[in-house]
Amino acid sequence: MKYYVGEKEFFPGITNIAYEGPSSDNPLAFKFYDPDRVIRGKTMRDHLRFSVAYWHSFCAAGDDPFGNSTLDHPWKGNDPLHTAMLKADACFEFATKASMDYYCFHDIDAAPEGLTIEETEENLNIVTQMLKERQNTTGVKLLWNTANMFSHPRYMNGAATNPDFHVLAYAASQVKAALESNVELDGENYVFWGGREGYSTLLNTDMKREQEHLARFLMTARDYGRSIGFTGTFLIEPKAMEPTKHQYDFDAATVIGFLKKWGLDKDFKLNIEANHATLANHTFAHDLQTAADEGLLGSVDANRGDPHNGWDTDQFPTNIYDTVDAMYIILKNGGLGTGGLNFDAKIRRNSTDPEDLFIAHIGGMDTFALGLIAADALLEQGILEDVLTKRYSSFDSDMGRRFTAGELTLSDLRNYAAAQGSPKQISGKQEMLENYLNQVIFTCLN
Ligand code: XUL
Ligand code: CO
């Protein structure tokens, strides 16, 4: 059986990753991710909607600010376009073998930038046609694409928030081409991540004006996307900092306020990335819940940071507590809609065996699969939901209910308190709930 689609097999010796169950000792097998297992009426595959990130898995080669590449990718062609084709083949071979249903890319991950806008558009067009053909052959779909408006030196002062209109227009040319590619590929979402949309000093920055430009840019992009038949979800991906000192899309709460202020919340939702939430001093769950509470949880960049340092290490998610929390919020949200779980994560630069890319994804997929199993058990038992119902029950009747309905004055509240005397202490039972969560997870391990 042929496991690859292009002219060459890039991961020889690795066949399709199978589910072997928790007792398997095969590093190249799933222990918890059983794609066709049905949970709450939906397959695990449909709950989790896993996606591989082009940039980390097929473009980055292990270099960091202090060292050169450590990974010698075999998808090298005779010229940049040929390399782009081979890279695409590597992506589809990988996704197929790893049982991943989706992929995500930035424009310049997939197609080389040309010397002119026309050349860049032409390159993306050519690669888009090839991606489309590979999608049809393999069944792997586009979760989202985006325009990289942060790597090129022209974006050093921002893209949509650049003080120079000419640079903003240049960024728009990339978004236009990326949206056209998205529509051609039946993309389910389109992402904006504003790595350079922010500032490093207020001495040269008119914050108010820059954010007005950002809003207008997003409206213009939305209108164009809708006019060419993009019916999916536009997503904004919050990040507090890095590479810019202070980024405008700081965290979920900030982005929600911005979207509502400009009436963009009808078309845009949030793409929550675990490591970005931690850079804003939040937990992953906090930002997921913040977005879900407003009906704006769109998609997830699944990764993790390192508790011992403060930058975006983009590691593969292996922490079961994070994934149980995430899947619990996602299940209560009714799923991710058009979104999915995109592994915006990279292997460490000293993980140099070709199989390491598979092992990393298998770990992330299994951790989310177990998270889904445990979250389902939590919902099934309903104990946490009962805790919440009971904890706020004083607002469900009598004076509490009247307060929430806006029927009480401040004097009414004062008089109620005076008549009741001192409130009784009510324990939050945190340790009991933490022990309960552990018990559920331990039970799901078997
Ligand atoms: C950067 C990051 C990006 C976005 C897409 O931290 O997460 O890769 O996901 O531009
Ligand atoms: Co991301």
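The values are calculated or read from the model by the stated rules, or taken from the named source; none is laboratory data. From a predicted model like this one, the values you see are computed outputs, not experimental measurements. Glycine also receives a Cβ, built like all others from the backbone with ideal geometry; neighbour counts cover every protein chain displayed. Surface areas here come from the heavy atoms of the whole protein model, side chains and all, with no ligands, DNA or RNA. Shrake-Rupley method; radii C 1.70, N 1.55, O 1.52, S 1.80 Å.
Can you tell me which residues in the range 292-306 are open to solvent by less than 10 Å² (accessible area, probe 1.4 Å) and within 13 Å of ligand 2 (Cβ to nearest atom)? Passing the criteria: Gly298, Ser299, Val300, Asp301, Ala302, Asn303. Of the residues Asn319, Asn309, which is at pLDDT below 95 and away from ligand 2 (no atom under 13 Å from the Cβ)? Only one candidate qualifies: Asn309. Quick one: would you say Ile272 is closer than 30 Å to Asp186 by Cβ, within 19 Å of the chain's Cα centre (by Cα) and within 15 Å of ligand 1 (Cβ to nearest atom)? Answer is yes for this residue.
In the range 193-211, of all residues being out of contact with any strand residue (DSSP E or B) (no Cβ under 8 Å at 6 or more places or on another chain) and open to solvent by less than 70 Å² (accessible area, probe 1.4 Å), the one that is farthest from Ile256 (Cα to Cα) corresponds to Thr201. Going by the structure shown, is Ile256 at pLDDT 95 or above, more than 14 Å from ligand 1 (Cβ to nearest atom), of a type in the set (A, V, I, L, M) and not in a loop (DSSP other than H, G, I, E, B)? So Ile256 passes the test. Residues that are open to solvent by less than 40 Å² (accessible area, probe 1.4 Å) and within 16 Å of Lys97 (Cα to Cα) within the range 32-45 comprise Tyr33, Pro35, listed in sequence order. So, Ala375, is that one in the same structural domain as Tyr321 (by TED's automatic domain parsing) and within 16 Å of ligand 2 (Cβ to nearest atom) or not? When the stated conditions are applied, Ala375 does not pass them.
As a summary of the residue check, Val140 satisfies the conditions (1) surrounded by fewer than 17 Cβ atoms within 10 Å (Cβ to Cβ); (2) away from ligand 1 (no atom under 16 Å from the Cβ) except for the one numbered (1). Just a yes or no: is a residue in the range 95-102 farther than 20 Å from Ala172 by Cα and among the aromatic types (Phe, Trp, Tyr)? Scanning the range 95-102 turns up at least one residue that is farther than 20 Å from Ala172 by Cα and among the aromatic types (Phe, Trp, Tyr).
So in the range 251-291, with the set limited to residues that are farther than 23 Å from Arg216 by Cβ and of a type in the set (Ser, Thr, Tyr), which one is nearest to ligand 2 (Cβ to nearest atom)? By that ranking, first place goes to Thr278. Examine the range 106-124 for a residue that is surrounded by fewer than 17 Cβ atoms within 10 Å (Cβ to Cβ), farther than 15 Å from Phe58 by Cα, touching a residue at least 24 places away in the same chain (Cβ under 8 Å) and touching an Asp or Glu at 6+ places or on another chain (Cβ under 8 Å), and state whether such a residue exists. No, the conditions are met nowhere in the range 106-124. Scanning the range 188-204 for residues that are in contact with a helix residue (DSSP H, G or I) (Cβ under 8 Å, 6 or more places away or on another chain) and away from ligand 1 (no atom under 13 Å from the Cβ) returns a single hit, Tyr199. Cβ-Cβ distances below 6 Å connect the following pairs, each with a first residue in the range 259-277 that is touching a residue at least 12 places away in the same chain (Cβ under 8 Å) and open to solvent by less than 10 Å² (accessible area, probe 1.4 Å), a second residue that is more than 16 Å from ligand 2 (Cβ to nearest atom) and of a type in the set (Asp, Glu), and a separation of six or more residues or different chains: Leu259/Asp265. Can you confirm whether Asp25 is open to solvent by 70 Å² or more (accessible area, probe 1.4 Å) and either part of a loop (DSSP other than H, G, I, E, B) or more than 25 Å from Leu372 (Cβ to Cβ) (or both)? Answer is yes for this residue. Out of the residues in the range 240-250 that are closer than 18 Å to Ala291 by Cα and open to solvent by 10 Å² or more (accessible area, probe 1.4 Å), which is nearest to ligand 2 (Cβ to nearest atom)? Across the range 240-250, the extreme among qualifying residues is Asp249. Does Tyr155 fit the bill of being over 30 Å from Ala98 (Cα atoms), assigned by TED's automatic domain parsing to the domain that holds Gly229, touching a His at 6+ places or on another chain (Cβ under 8 Å) and in contact (Cβ under 8 Å) with a residue 24 or more places away in the chain? Spelling it out, it is not the case that Tyr155 is over 30 Å from Ala98 (Cα atoms), assigned by TED's automatic domain parsing to the domain that holds Gly229, touching a His at 6+ places or on another chain (Cβ under 8 Å) and in contact (Cβ under 8 Å) with a residue 24 or more places away in the chain. All conditions but one from (1) open to solvent by 10 Å² or more (accessible area, probe 1.4 Å); (2) within 16 Å of ligand 1 (Cβ to nearest atom) apply to Leu341; the one that does not is (1).
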